[in-house]
Amino acid sequence: MAFTGPDMVEGPALVPGRDCGSCSLCCILPDIAEFDKPANQPCRHCQPGGGCDAYDMRPATCRDFFCLWRTDPALGEEWDPRVSRMMMYGQGPQLTVLVEPEAATIWRELPYRDWLEEKARSLKLAGGYVVVYAGEDVAVVKG
């Protein structure tokens, strides 16, 4: 799973008042080719409690990325990655959901399941889908 997509374009509109804070799921859950970092392992540049020790020299993959919670004002506070233990991003008509392996089934719980199923239904109309990566498990959400 490559870490690329339309959420990583220069200058995405960010939701006012939302920041990464102590969250660093985007430094842990995806694979990051530029750092030869496998999925579900912290990047060697990730700092405990958030932050990056290579911040000024980070590759465009990292520099241009913002998770969906940071860019979609329709998502409620329950989708804050620090709460949901998931991060989401779009790749064309696909929504990718990365879940902390320790919380692998949380996406199947309310309110997340209902929202993901509704999103899958709407994306299906455009030929898209929702895919969830939870540790070693991969699931396509039925809408």
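Within the range 47-62, the residues that satisfy the criterion of being hydrophobic (A, V, I, L, M, F, W, C) and open to solvent by 20 Å² or more (accessible area, probe 1.4 Å) are 52, 57, 60, 62.
The residues of the range 97-134 that are part of a loop (DSSP other than H, G, I, E, B) and of a type in the set (Gly, Ala, Ser), listed by number, are 104, 126, 127, 128. Every test in (1) touching a Pro at 6+ places or on another chain (Cβ under 8 Å); (2) open to solvent by 10 Å² or more (accessible area, probe 1.4 Å) is passed by residue 98 save one, and that test is (2). Only one of the listed residues (142, 124) is open to solvent by 70 Å² or more (accessible area, probe 1.4 Å), over 22 Å from residue 16 (Cα atoms), at pLDDT below 95 and among the basic types (Lys, Arg). That residue is 142. Taken together, the criteria place residue 119 among residues that are at pLDDT 95 or above and farther than 27 Å from residue 22 by Cα.
Considering only residues in the range 63-94 that are assigned to a helix (DSSP H, G or I) and open to solvent by 50 Å² or more (accessible area, probe 1.4 Å), the one that is nearest to residue 114 (Cα to Cα) turns out to be 78.
The values are calculated or read from the model by the stated rules, or taken from the named source; none is laboratory data. All figures in this text were calculated on a predicted structure; none of them were measured in a lab. Counting neighbours? That spans all protein chains shown, and the Cβs are built from the backbone with ideal geometry, glycine included. Calculation scope for accessible area: heavy atoms of the full protein, side chains included, ligands and nucleic acids excluded. Shrake-Rupley method; radii C 1.70, N 1.55, O 1.52, S 1.80 Å.
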